[in-house]
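I have placed the structure first, in the form of structure tokens, so that the comments after it can refer back to it.
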Amino acid sequence: MRSEKFIKLVRLTAVAAACFTLSACTCNKQPPQIDASGVGTGGHAAVFPHFLDKSAYPDYRTVVVAPPEKNSSLFKNDVEIYKETRKLKGTQAWTDAAGGARLDADYMSQFFTPAYGIEISKDKTPWTYYLIQRVIGDAIDGGTRTPKKFYQRTRPYVYFGDRTCSTQEDDDKHVKSGSYPSGHSAYGYLVSLILAEINPANQDAIYQSGIKYGYNRVVCGFHWQSDVEMGRRIAAYINARLHANKEFQEALTYAKAEFAKAKK
């Protein structure tokens, strides 16, 4: 009986010490500085910061199914959705899609703040901001870049000889780049998965924001619906793999602690 009480006391002391250490680290330790200079409104040619080494990613040529064939019902659905979204020209949804292609952490922080429940910023939530800033490469460089090159799917606006909601320069830049899967969708949904883990009480709104971020690319005309759906699936692969990475786990622990502190 005495030994059981002693064991419980040791466990409680260990937990208390861990909590104290985490609190102290959270207050004093700041996220590492990373080079995110290649992240902006544009191209997937940039090399982005990321957590995982290339060897950690699966071979997406085997785990990502091929895009829908042109005579399939899935492609017919892609076409129907594309045509329906052309009707959104001039609406708020079209405007949102035109301004919603940014990949930088400042924009992503602003985009997810309403759903997250507290303001996300480099100053107020540095660890959460750091996670958003750093996982872009995991989603794009490690996630969608290889299957994009492998499948080289034609983008919908190119297929129909149309224009997107963006500029002519942006359209021209993407003409020869693969459409499948969507890198924006993978990144946006990966961020939503991470933020929902930090604040599970708001998970529905956070997931919806992640889906909207990818869907904006359908509205704009850069992606088919199946592109963004596969992007979300890749985000799930990446999220699982990130959770086996110690550096990511540490950053996530600090982000959870800063959120708990901000909610007090």
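Filtered by the rule that a residue be among the hydroxyl-bearing types (S, T, Y) and closer than 30 Å to K87 by Cα, the stretch 212-264 gives Y213, Y215, S226. Kindly indicate whether T146 is hydroxyl-bearing (S, T, Y), assigned by TED's automatic domain parsing to the domain that holds V65 and in a helix (DSSP H, G or I). Considered against the rule, which asks whether it is hydroxyl-bearing (S, T, Y), assigned by TED's automatic domain parsing to the domain that holds V65 and in a helix (DSSP H, G or I), T146 comes out as yes. For Y207, the conditions (1) at pLDDT below 95; (2) surrounded by fewer than 18 Cβ atoms within 10 Å (Cβ to Cβ) all hold with the exception of (1). For beta carbons closer than 8 Å, sequence separation of 6+ or different chains, a first residue in the stretch 86-115 that is farther than 17 Å from P126 by Cβ and at pLDDT below 95 and a second that is among the polar types (S, T, N, Q) and surrounded by fewer than 17 Cβ atoms within 10 Å (Cβ to Cβ), the qualifying pairs are A101/T41; R102/T41; L103/T41.
If we scan the stretch 53-60, do we find a residue that is surrounded by 12 or more Cβ atoms within 10 Å (Cβ to Cβ), modelled with pLDDT of 80 or more and assigned to a helix (DSSP H, G or I)? Scanning the stretch 53-60, I find at least one residue that is surrounded by 12 or more Cβ atoms within 10 Å (Cβ to Cβ), modelled with pLDDT of 80 or more and assigned to a helix (DSSP H, G or I), so the answer is yes.
The values are calculated or read from the model by the stated rules, or taken from the named source; none is laboratory data. Note that the structure is a prediction, hence the values are computed from the model and not measured. Please note: Cβ atoms are built from the backbone with ideal geometry, for glycine as well, and neighbour counts cover all protein chains shown.
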